[in-house]
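The values are calculated or read from the model by the stated rules, or taken from the named source; none is laboratory data. Please read all numbers here as calculations on a predicted model, not as lab measurements. Counting neighbours? That spans all protein chains shown, and the Cβs are built from the backbone with ideal geometry, glycine included.
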Amino acid sequence: MTLEEYARQNPDSDYIDVEQESVLEERVGRGTQEITVDAQKGAVLRVVLLCPSDATGKTDIHVSSGDGDEKTWMAGSEALCGGWSAATPPIEQAGPVTFTVTVDNDEPYRVALTVPSE
């Protein structure tokens, strides 16, 4: 089941508002995952991170644009994987944007990138 399907079946959940935002990309995995999307200039992307309720461990999210590894934005948590989200500042230049998500435990987690619906 995708995050969007879950949100539609459970309208009281506050992970995403399916009337206000769309999921660009969604992955489930362990450790480190990279997701690259083609972002429009000025777009505000939101990262939604969901982990099992008992998962703990440091979480890092880094964003880089273009071909470089330069980190242009980052978010994280020192102790909780949990269920949280963070919005990026507006994207400065259209093109590929890579999100590198690292969760420091051996539990699977779900990460989704969303954008406001048009």
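Annotation note: of Val28, Val47, the sole residue that is among the β-branched types (Val, Ile, Thr), surrounded by fewer than 16 Cβ atoms within 10 Å (Cβ to Cβ), in contact (Cβ under 8 Å) with a residue 60 or more places away in the chain and out of contact with any helix residue (DSSP H, G or I) (no Cβ under 8 Å at 6 or more places or on another chain) is Val28.
Checking each residue in segment 9-25 for being surrounded by fewer than 13 Cβ atoms within 10 Å (Cβ to Cβ) and either among the hydroxyl-bearing types (Ser, Thr, Tyr) or not in a loop (DSSP other than H, G, I, E, B) (or both) picks out only Gln9. Evaluated against (1) surrounded by fewer than 18 Cβ atoms within 10 Å (Cβ to Cβ); (2) at pLDDT 75 or above; (3) of a type in the set (A, V, I, L, M, F, W, C), Leu80 falls short on exactly one condition, (2).
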